[in-house]
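Heads up, the thing below is written out as structure tokens.
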Amino acid sequence: MAQWFAAKAAHPDALLFFRMGDFYELFFDDAEAAAAALDIQLTARGEHGGEPIRMCGVPVHAADAYLLRLIRKGFRVAIAEQMEDPKARSGKTPIRREVVRLVTPGTLTEEALLEAGRPNLLLALAAGGDRLGAAWIDISTGLFETAEATANALPALLGRLDPAEVLAPAEVPLGDWERRRGPAEPPPLGARRRLAEAFGVASLEAFGTFGEPEAAAAALALEYVRATQAGKLPHLARPAPQGAAGRMEMDAATRASLEIARARDGGTTYTLLAAADRTLTAPGARLLADWLAAPLTDPAAIAARQDGWAWLLANPEAARALRAALRGSGDMARALARLSLGRGGPRDLAAIRHGLQAAAACAAALDGLLPSFLADAAAALDPAPALRETLATALAEPAPLRLEEGAIATGYDPELDAERRLRDDSRRVIATMQLDCAQKYGVASLKIRHHQQLGYVIEAPAAAVEKLRALPELTLRQAMANGARFTTPDLADLDRRISEAADRAIARERTVFAALVARTMERAEALAACAAALAALDVAQSCATLAAPGRWCRPRVADDLAFRIVAGRHPVVEAALDGTAAFVPNDCSLAPESRVLLLTGPNMAGKSTFLRQNALIAVLAQSGLPAPAESAEIGIVDRLFSRVGGADDLARGRSTFMVEMTETAAILHQAGPRSLVVVDEIGRGTATLDGLAIAWAVLEALHTAVRCRVIFATHFHELAGLTGELPRLAPHAMRVKEFRGDVVFLHEVAAGAAGRSFGVQVARLAGVPAPVVKRAATLLTALEQRAGRLTDAAALPLFAAAVPAPDPEPERHDPLRAALAGLDPNALSPRDALQELYRLKELSAVAAQERSLTSQK
């Protein structure tokens, strides 16, 4: 317990997993917290200060599952291991234990604790005047990148990275990532020197240009990783400043609206990433997610990515060979990280072996003149042919989970083979001895078994116990309910020899494995580059697979303000339909002379889908991926804003309308001429006239002050009349048809403005009771006739229906008469006349029902 107190004092804010034999034990308050979080038994053992010591424990072999549950519930866990072999030590002093690592959300390496297709980032922030330095590390893959940002740009950076843990000064607000805040640590002194020493260079400038806050954040992240790994550093790539790397900016609200990597419900099925993902490996899936999270703003870099998958599309044989090779590759990057920390097992070495074999096969598939993207990847393939051959010979196939299960292949190490033969021959001797004893003592069911504490013993059934106890050469070791266990001098000697041979075999296997790991880590840099190349090739083949059927095109991305999409489709909605219905494609043009597209039309007609699909096509295009359209021309979008859909934030005291206005304010403050803005129903959360006024003013600001490309969806049809004041405004509407009183949504976008929202018809489709729908239609007709007097409460049909009218003249309150009075037959087309006839028939039926009710009264 003295050891436990010392370890706990060093890590007071973490639960302490204290190794005791085959269990990790927790004590005192740690035990209570863990027992409640894991739903395991809380017990007590011994006393401290006159009180029982509360404790609980988890098996070592199942610790990863318990760790995952604790980490997801916000705990940090310190792991204290036994640093001595209990069998090899002398004396009766307690086994020495030390904390070997601190498990936090941002420092996970175990395969069971990580999502295979998602990065696991630790983000560190350091303040520097009006700038923030940022550095992020994924210790499971070795990624290490830095950047500088303003406080206003921090939400966009957090949204892009989605870090698992954030180290930040207390005064820096993290918004939606507040619950992921780690301990507030000050940046270490001498940040540049510490970074240079960690990577063995004289100056940090060998890796690029770093601002002071950037270097401070990088040093903070590095020292935190070192502290959590008990002084060790995993294999990390050299820090790469991202200041010169242009990325499309998207804030958290936009990412949530577009559901790029996660849906609003937290799932991953109906997302852009899922719709576009055709990768075959976990590293490829992670890289694709990174591409979509941070689309590029450099047309040349985008074209290089496109050239890579276009070459595979034009060379299907090479693409097929590439896919066949990639299917057998392992996750080299994460295996390398575990090996570098001393946590790797046989399957991690096997992942390196499989990765090298796949790399060699990929290199053979990429033959001929290659575009730069593929050529760069090919140059990093097959970095260690000698190591590949060694691992192929040395490792068993398939590789076991644990080393003691026979990870080293027979024939690789003669000394190990000799120890195994001695061990296995001894086991055959046991089988022979069992047969001899059964015959000698006349007990056919006698067995020789190995017991953890007693070693090899003779197990006899209860019926033979008295007979065997009378034999002088047998010594009773343990009585059981259904029999007894005996030993003999010969059996005890054989037990010792077998145990020694097995121990020697395990020790030799560990030595051979350690040598293989050391040899692998000598090539760590080249192996990491090879792993990155395989991931890039996987994304390239994924894009080629997506484009192969011919329904996804190669977008033209240029440094201009063009935006023209022909027959564009929403990739997520189309994937969800899965052939059960045809998705209706639509064109979209935001050319400079008509860069503000005003979209009107009813609910359920597809306005939100149209908005999102064009934003998603811009994301796909600038990520270097194919786009779901016949053709697409995208002028570089520097910032993308999407305000589609509504939600409140009651935890922060914000109503739906307040959230809407906050997001609208962010757009108006941050958008510029190169931005793309898609917004839906600005002003819907307040009174009609207030909402119209706000929508009008926002539309004017986007058109005249911000001057960006906009798709502005609204039910305020009056805004379509602003084309004279706003010359770049292009009104469009969702096409619908009415048939026998029902509305048919065509999901087509056409030039012009909608005259109605068809809300009553949508209410009918939603299942609103028929009397309510009829009453709504009546009220709507009256409201439309009195549109000029909406502020006169006495004129509202709501009050006319609820309060007896003092005026006896029925025509003043008869909706049917009012509708007839408003008709001009000479101005009606045949189609409009038919629609009005249906409307009058419906009003007549309502009037008849009201007269019937009156007569009954």
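Numbers for the structure displayed
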quantity	calculated
Probe 1.4 Å, accessible area per residue of the chain, Å²	47
Sequence-distant residues sharing a close amide H with Gly246 (under 5 Å, placed H)	Thr297
Net lengthening on full extension, Ala526/Asn826 (0.36 nm per residue, minus Cα-Cα)	99.8 nm
FRET E, pair Arg775, Leu68, Förster distance 56 Å, beta-carbon r, rounded to 0.05	0.50
The chain pair-distance distribution - Cα-Cα, 20 Å bins, rounded %	12, 33, 28, 17, 7, 2, 0
Positive-pole candidate from Ala438, Leu837, Leu616, dipole of the chain, charges at beta carbon	Ala438
Proximal lysines relative to Lys841, as straight alpha-carbon distance under 27 Å, when same-chain residues fewer than 8 apart are discounted	Lys737, Lys774, Lys857
Amide hydrogen neighbours beyond the local backbone of Ala230, cut-off 5 Å, H modeled	Leu102
FRET efficiency, Ala184 to Asp22 (Cβ-Cβ, R0 56 Å, nearest 0.05)	0.90
Calculated from backbone phi, Karplus (6.51, -1.76, 1.60) coupling profile of the range 94-108 in Hz, x at Gly/Pro	x, 4, 6, 10, 9, 6, 9, 6, 10, 8, 10, x, x, 10, 7
Percentage relative contact order, the chain, counting C-alpha pairs under 8 Å, at least six apart	9
Sequence-distant residues sharing a close amide H with Phe23 (under 5 Å, placed H)	Val60
Accessible surface of the chain [probe 1.4 Å, protein heavy atoms]: carbon and sulfur percent	54
Gyration tensor over alpha-carbon atoms, the range 101-199, equivalent ellipsoid semi-axes in Å	21, 18, 13
Helix axis angle, 607-622 relative to the chain longest principal axis, alpha carbon, degrees	50
Inter-label distance, nm, simple model (7 Å from Cα along the C-beta direction), Ile506/Arg264	5.6
Hz values of 3J(HN,Hα) by residue in the range 562-569 - Karplus curve (6.51, -1.76, 1.60), Gly and Pro given as x	5, 7, 9, 10, 9, 6, x, 9
Gain upon complete extension [Ala479, Ala375; 0.36 nm per residue less C-alpha separation]	30.2 nm
In degrees, nearest ten, helix 770-785 long axis to first principal axis of the chain (Cα)	50
For the chain, with +1 on Lys and Arg beta carbons and -1 on Asp and Glu, the positive-most of Thr511, Ile139, Ala300 along the dipole	Thr511
Range of Cα positions in the range 654-716 per principal axis (Å), largest first	32, 24, 15
For the range 315-455, diffusion coefficient by Stokes-Einstein and Kirkwood Rh (Cα), 25 °C, 0.890 mPa s, µm²/s	130
Karplus-derived HN-Hα couplings along the range 699-709 (A = 6.51, B = -1.76, C = 1.60, θ = phi - 60°), whole Hz, x at Gly and Pro	4, 4, 5, 5, 6, 9, 8, 7, 6, 9, 7
Extension gain from Arg497 to Ala324, taking 0.36 nm per residue of separation minus the Cα-Cα distance	57.4 nm
Longest site-free stretch - the chain; sites: GluC sites (Glu not before Pro), DSSP loop, at most 15 other Cβ within 10 Å	172-472
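The values are calculated or read from the model by the stated rules, or taken from the named source; none is laboratory data. All figures in this text were calculated on a predicted structure; none of them were measured in a lab. A quick note on method: Cβ atoms are made from the backbone with ideal geometry, for glycine too, and the neighbour counts reach across all protein chains shown. The protein model used for the area step is the full one, side chains on, heavy atoms only, and it has no ligands, DNA or RNA in it. Shrake-Rupley method; radii C 1.70, N 1.55, O 1.52, S 1.80 Å.
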